[in-house]
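Rule-based calculations on the coordinates, nothing more; no lab input. Remember, predicted model here, so these are calculated numbers, not experimental data. Don't worry about glycine lacking a Cβ; one is built from the backbone with ideal geometry, like all the others, and counts go over all protein chains shown.
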Amino acid sequence: MNKLNVKVEHIYHSGFTVETENYFLVIDYYKGNIKLRDKKTIVFVSHGHRDHFNEEIFKWNDNKKDIDYVLSSDIELDFKPNYIHIIEPYEEMVLDKINIKTFGSTDLGVSFLLNVDNINIFYAGDLNWWHWESNSEEDNLNEEKIFKEEIEKIKGANIDLAFFPVDPRLGSAFYYGGKYFIEELKPKYFVPMHFGDKLSVTSDFIHKMGDCGTKIVEIKEHNQEFSL
């Protein structure tokens, strides 16, 4: 499998940094140890849930120049300087030389498809097949339907690197969304997320998927760094 020339750091839960040749991306940071780089920095927030968004990120602008923020439109702010960019589902924008395209979510906000230094990165946010054991069968069938409809809209994208929920709270259904995503969209690399401190679910997902043609990253600790 071809190298992407990307450095990724898992911060916590669904928070990551992605470093390419010319850019440093921060995605859905809400807590944990983070070290910014001396590169053009773009901070992405997929939605306003408190496990994906912390207003602390705006303090980074005090000490760092050349930083922009791309926020889902569900996030309401009392201020909007020119370095904050609001985006709706199913919109496109170009920021610096990064192509940004959004899709929907099966919960709140957006999912992102980014082209950065010729690398296609998909970040799901809370887009997932949410199959809760406490739901009625009818509700879970509806969750399946809206998830698969959203995946259908993304088909055709050539995804090099995907970040996608593998949530242990879903019990035996923890792998449903990730499995379907890999089978339908065939990303080269898949990074599990949305698991809090239950990092072992990433190993469980790898074992569940077997030899699927996609390289799945096992996350063993917070602030784990890996090069792809």
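Close contacts from region 122-139, counting a first residue that is on the phi < 0 side of the Ramachandran plot and surrounded by fewer than 24 Cβ atoms within 10 Å (Cβ to Cβ) and a second that is assigned to a loop (DSSP other than H, G, I, E, B) and among the charged types (D, E, K, R), with Cβ to Cβ under 6 Å and a gap of 6+ residues or different chains, come to Asp126/Asp107.
Screening Val94 against (1) part of a strand (DSSP E or B); (2) within 17 Å of Leu25 (Cβ to Cβ); (3) in contact (Cβ under 8 Å) with a residue 12 or more places away in the chain; (4) not basic (Lys, Arg) leaves a single unmet condition, (3). One residue stands out in region 198-228 among those that are charged (D, E, K, R) and within 17 Å of the chain's Cα centre (by Cα): the one that is surrounded by the most Cβ atoms within 10 Å (Cβ to Cβ), namely Glu218. Checking each residue in region 3-49 for being of a type in the set (Lys, Arg) and either outside any loop (DSSP other than H, G, I, E, B) or touching a Leu at 6+ places or on another chain (Cβ under 8 Å) (or both) picks out Lys3, Lys7, Lys40. Residue-level check: of (1) of a type in the set (Asp, Glu); (2) under 24 Å from Tyr23 (Cα atoms); (3) surrounded by 16 or more Cβ atoms within 10 Å (Cβ to Cβ); (4) more than 15 Å from the chain's Cα centre (by Cα), Asp160 misses just (4). Only helices (runs of 4 or more DSSP H) whose full extent lies in region 122-222 are considered here, and the ones with at least 2 residues that are closer than 19 Å to Asp51 by Cα and either touching a Ser or Thr at 6+ places or on another chain (Cβ under 8 Å) or not small (Gly, Ala, Ser) (or both) are 200-209.
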